[in-house]
Amino acid sequence: MEKNPVYLDYNASAPIRPDVADLMRTLMAKPGNASSIHSFGREARHHVEGAREQIAKLADTHANYVTFTSGATEANNAVLKHFSGRRVLVSAIEHPSVLESAPQAEKIPVTRDGVIDIEKLEELLSGEVPALVSVMLVNNETGVIQPVEEVARLARQRCPGVHIHTDAAQAAGKIPFAFAALGVDYLSLSAHKMSGPQGVGALLCAPGAEPVPFLHGGGQEKRQRAGTENVAGIAGFGLAADIALNHLDSFAQLSRWRDDLEKTLREAAPEITIFGQDAARVANTSKIGLPGIPANTQLMNLDIEGIAVSSGSACSSGTIKPSHVLQAMGAPEHLCSHALRISAGWATKESDFKRLAEVWLKMYSRVANKIVRL
């Protein structure tokens, strides 16, 4: 009997919620440019501004700080490239959309648990004053929560006038946060990480921060990002944000199933490494390294059984490279390309975790005697 497929790759892209898809289908069937003054345009504008309010509520901030983008990648690119040519500090575990947008940036080291090394940051801040410090709120591979508020406070104490950016794509809908309380100037979001549509995101800009230009050629988004707004996508983003905010408690319950999975795998395979397990993590994420079995081999074995997980950032799919996140954490080289990322979400059931454990253990039992004990 064929088993139902199991999707545990929410950090790559979370399945869209039915209510969000229904709203978008309805809006895609309607004409109207949100910049037009007739009734169709006014209705489109109503949906855009309503979504702006919903995004602001998710981040406990003001709607006029929200600029819509095509995703967190665009938002990250815009901020990092805006500060090109000036001194920039970024954490060593950032998403590629940050790292590749600022190849000249100095890297802030992390501890073996995958948390920003505050002492090393202090040393970096004692030199030339940086124009920008960028530290993600939640790491996309390990789920480790970063002390962004502490980073911002320290940076401002040591370097008045510095700007702070955080990529919050993997935090939104998983942990509560407030834009002002974080102490940052810029915050990036992506709709599809919180069960909204792909291709929509936002950049939140605090008052007093340097304006970040995106596209020219129109007055949309307060003249920051020209182009006709993606009304259906933006409205879907807003509804997804609203639903995510109202389901934070149920999301937190995923940690119980995640922890049970890790315990089961560790009992059977004591040589595995669970990255970031001693740090604060979001409830849905687990990064597990198994020496001797490359991640792509594990992925293929699980995929054959209908189980979808990943080895890391979806933006690096198709490449067999050691994880820069695990390298920054000081993981042994033989584990940096031998780890799986398991990430759950709103539609995940306990049986999905149990099915994964069953298949993983079956795979492990077939190859355990071939693993070189490193």
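Laid out as a table, the results:
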read-out: Residue within region 150-164 that is within 14 Å of the chain's Cα centre (by Cα) and not in a strand (DSSP E or B) present; value: no
read-out: Which numbered condition residue 249 fails, given (1) touching an Asp or Glu at 6+ places or on another chain (Cβ under 9 Å); (2) free of Cβ contacts under 8 Å to residues at least 12 places away in the same chain; value: (1)
read-out: Filter result for the condition that a residue is out of contact with any Ser or Thr (no Cβ under 9 Å at 6 or more places or on another chain) and either surrounded by 23 or more Cβ atoms within 10 Å (Cβ to Cβ) or charged (D, E, K, R) (or both), over 181, 241; value: 241
read-out: One residue from 266, 341, 256 being within 27 Å of residue 358 (Cβ to Cβ), of a type outside the set (A, V, I, L, M) and either in contact (Cβ under 8 Å) with a residue 24 or more places away in the chain or not in a helix (DSSP H, G or I) (or both); value: 341
read-out: Candidates 330, 345, filtered to the one that is under 24 Å from residue 256 (Cβ atoms) and modelled with pLDDT of 90 or more; value: 345
read-out: Residue 331 vs. criteria surrounded by 17 or more Cβ atoms within 10 Å (Cβ to Cβ), in contact (Cβ under 8 Å) with a residue 40 or more places away in the chain, more than 29 Å from residue 120 (Cα to Cα) and not β-branched (Val, Ile, Thr); value: no
read-out: Within region 165-190, tally of residues that are out of contact with any strand residue (DSSP E or B) (no Cβ under 6 Å at 6 or more places or on another chain) and part of a helix (DSSP H, G or I); value: 3
read-out: Hits in region 48-88 (condition: free of Cβ contacts under 8 Å to residues at least 40 places away in the same chain and basic (Lys, Arg)); value: 81
read-out: Some residue of region 221-237 being among the basic types (Lys, Arg), more than 30 Å from residue 361 (Cβ to Cβ), out of contact with any Asp or Glu (no Cβ under 7 Å at 6 or more places or on another chain) and surrounded by fewer than 20 Cβ atoms within 10 Å (Cβ to Cβ); value: yes
read-out: Boolean, residue 170 is of a type outside the set (A, V, I, L, M) and within 24 Å of residue 70 (Cβ to Cβ); value: yes
read-out: Options 208, 199, 173: the member that is over 16 Å from residue 10 (Cα atoms) and in the same structural domain as residue 82 (by TED's automatic domain parsing); value: 208
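The values are calculated or read from the model by the stated rules, or taken from the named source; none is laboratory data. Model, not experiment: these values are computed from the prediction. With ideal geometry, Cβ positions are generated from the backbone for all residues, glycine too; neighbour counts draw on all protein chains shown.
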